[in-house]
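Structure first, commentary second.
The values are calculated or read from the model by the stated rules, or taken from the named source; none is laboratory data. All figures in this text were calculated on a predicted structure; none of them were measured in a lab. Cβ sites come from the backbone with ideal geometry, for glycine too, and all protein chains shown count toward neighbours.
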Amino acid sequence: LSASSPPVLLGGLLAAAGPTQFFREEFGDGDAWTHRWVESKHKPDYGRFVLTAGKFYGDADKDKGIQTSQDARFYALSSRFEPFSNRDKTLVVQFTVKHEQNIDCGGGYVKLFPASLSQEDMHGDSEYNIMFGPDICGPGTKKVHVIFNYKGKNVLINKDIRCKDDEFTHLYTLVVRPDNTYEVKIDNARVESGSLEEDWDFLPPKKIKDPEAKKPDDWDERDWDKPEHIPDPDAKKPEDWDEEMDGEWEPPVIQNPEYKVSPGGSRGGVPRSCRTPLTSPSPQVKSGTIFDNFLITDDEKLAEEIGNETWGATKDAERKMKEQQDEEQRKKQEEEEKQQKDEEGDDDGDGDGGGG
């Protein structure tokens, strides 16, 4: 399971006409959320969520969400709602994520599961319908996942969508339309869009290698025709590589020592494409991520309005409070450094006194 993904469920009943909120959760009624959300018991050491607005916020009440509270843990929490279908309707999935701990490695995404999910037995291999949200691990992985389960296989988007990696609250929105187009928004601004067919490999490729093709009798395989790049023979697949999640592993490519430039300066080979690896599901090394403002609806405009009423209403005040805290911390540090220098100066002065 993703390091920090409290998922929600998706099922299969036709929705009513007009804008519909299939699921909405803003944690505005104190501890009552614990009756709506179910912790998985699949493993005894799953991390616990706590209700809080965090160390800095725009509104102490409105900004309360569920926060990961234990370092180096997996998290498995879910909430159930009435099954529905998005057939011939738009589907919008939206929520906020705040990595106030300045996260170094961990997921901030959610999963929509079939209604058949056993919530108390939910785990990393539980089948899901959609996975969406940010994932961060070191400087190399800062992306937004958009994964659909199609015919029993998890199909990843073939575009790289960069996520936010600061300490503030951000609004993530996925829109899937009945015309097979989609849109990903961060903070109510579009960051990616396109066609489902073009940006996911749901269907077999339009072109494949000719299975009847044979190498010509006069094919020249001399050294100058060696490829410029080859798979690194010393590379090994990471132990935590998950092909279901990360795709088929391919070793990184290196310069071919046998590659030569052919006469006339033209290149004698075509560089092999290299797949950018994804991190496999991992625990949050540093806890502190806050999830809030969950919404599943069939209306894009409604989602945008609710996003502005929740995240949008407190984002500026949140930044202001953080800036004030940083300024206070800076002044405190300067004062401590000054005091330390003064004490060191007094010690030096005491030691200079000599006898006559």
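Residues in the stretch 129-143 that are under 22 Å from residue 290 (Cα atoms), surrounded by fewer than 21 Cβ atoms within 10 Å (Cβ to Cβ) and either of a type in the set (Gly, Ala, Ser) or over 16 Å from the mean Cα position of the chain (by Cα) (or both): 138 only. Could you tell me whether residue 115 is of a type in the set (Gly, Ala, Ser) and at pLDDT below 95? Judged against the criteria, residue 115 is a match.
For (1) loosely packed, with under 14 Cβ neighbours inside 10 Å; (2) at pLDDT 95 or above; (3) closer than 16 Å to residue 121 by Cα, each residue gets a yes or a no:
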| site | (1), (2), (3) |
| --- | --- |
| 4 | no, no, no |
| 17 | yes, no, no |
| 21 | no, yes, no |
| 34 | yes, yes, no |
| 46 | no, no, yes |
| 56 | no, yes, no |
| 62 | no, yes, no |
| 73 | no, no, no |
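The single condition among (1) modelled with pLDDT of 55 or more; (2) within 27 Å of the chain's Cα centre (by Cα); (3) over 29 Å from residue 126 (Cα atoms); (4) surrounded by fewer than 16 Cβ atoms within 10 Å (Cβ to Cβ) that residue 314 does not satisfy is (4).
Restricting the first member to the stretch 154-174 and to residues that are within 30 Å of residue 309 (Cα to Cα), and the second to residues that are among the aromatic types (Phe, Trp, Tyr) and surrounded by fewer than 16 Cβ atoms within 10 Å (Cβ to Cβ), no beta-carbon pair is closer than 7 Å while six or more apart or on different chains.
Do you know which residues across the stretch 59-92 are in a loop (DSSP other than H, G, I, E, B) and within 30 Å of residue 178 (Cβ to Cβ)?
Kept after step one, since they are in a loop (DSSP other than H, G, I, E, B), are these residues of the stretch 59-92: 59-64, 69-72, 74-76, 80-84, 86-90.
80, 81, 82, 83, 84, 86, 87, 88, 89, 90 - these are the residues of the stretch 59-92 that are in a loop (DSSP other than H, G, I, E, B) and within 30 Å of residue 178 (Cβ to Cβ).
Going by the conditions given, is residue 151 among the charged types (D, E, K, R), crowded, with 16+ Cβ neighbours inside 10 Å and out of contact with any helix residue (DSSP H, G or I) (no Cβ under 7 Å at 6 or more places or on another chain)? Spelling it out, it is not the case that residue 151 is among the charged types (D, E, K, R), crowded, with 16+ Cβ neighbours inside 10 Å and out of contact with any helix residue (DSSP H, G or I) (no Cβ under 7 Å at 6 or more places or on another chain). Only one of the listed residues (185, 111, 164) is within 13 Å of the chain's Cα centre (by Cα) and in a strand (DSSP E or B). That residue is 111.
Just give me the residues in the stretch 28-56 being within 14 Å of residue 289 (Cβ to Cβ) and not polar (S, T, N, Q), in sequence order.
Within the stretch 28-56, the subset within 14 Å of residue 289 (Cβ to Cβ) is 47-55.
Scanning the stretch 28-56 gives 47, 48, 49, 50, 51, 53, 54, 55.
Can you find a residue that is surrounded by fewer than 23 Cβ atoms within 10 Å (Cβ to Cβ), small (Gly, Ala, Ser) and either within 24 Å of residue 24 (Cβ to Cβ) or in contact (Cβ under 8 Å) with a residue 12 or more places away in the chain (or both) anywhere in the stretch 99-117? Within the stretch 99-117 (the criterion being surrounded by fewer than 23 Cβ atoms within 10 Å (Cβ to Cβ), small (Gly, Ala, Ser) and either within 24 Å of residue 24 (Cβ to Cβ) or in contact (Cβ under 8 Å) with a residue 12 or more places away in the chain (or both)), the answer is yes, since at least one residue qualifies. Quick one: in the stretch 262-308, of everything that is assigned to a helix (DSSP H, G or I) and exposed (fewer than 13 other Cβ atoms within 10 Å of the Cβ), which residue is modelled with the highest pLDDT? Only one residue tops the list, namely 301.
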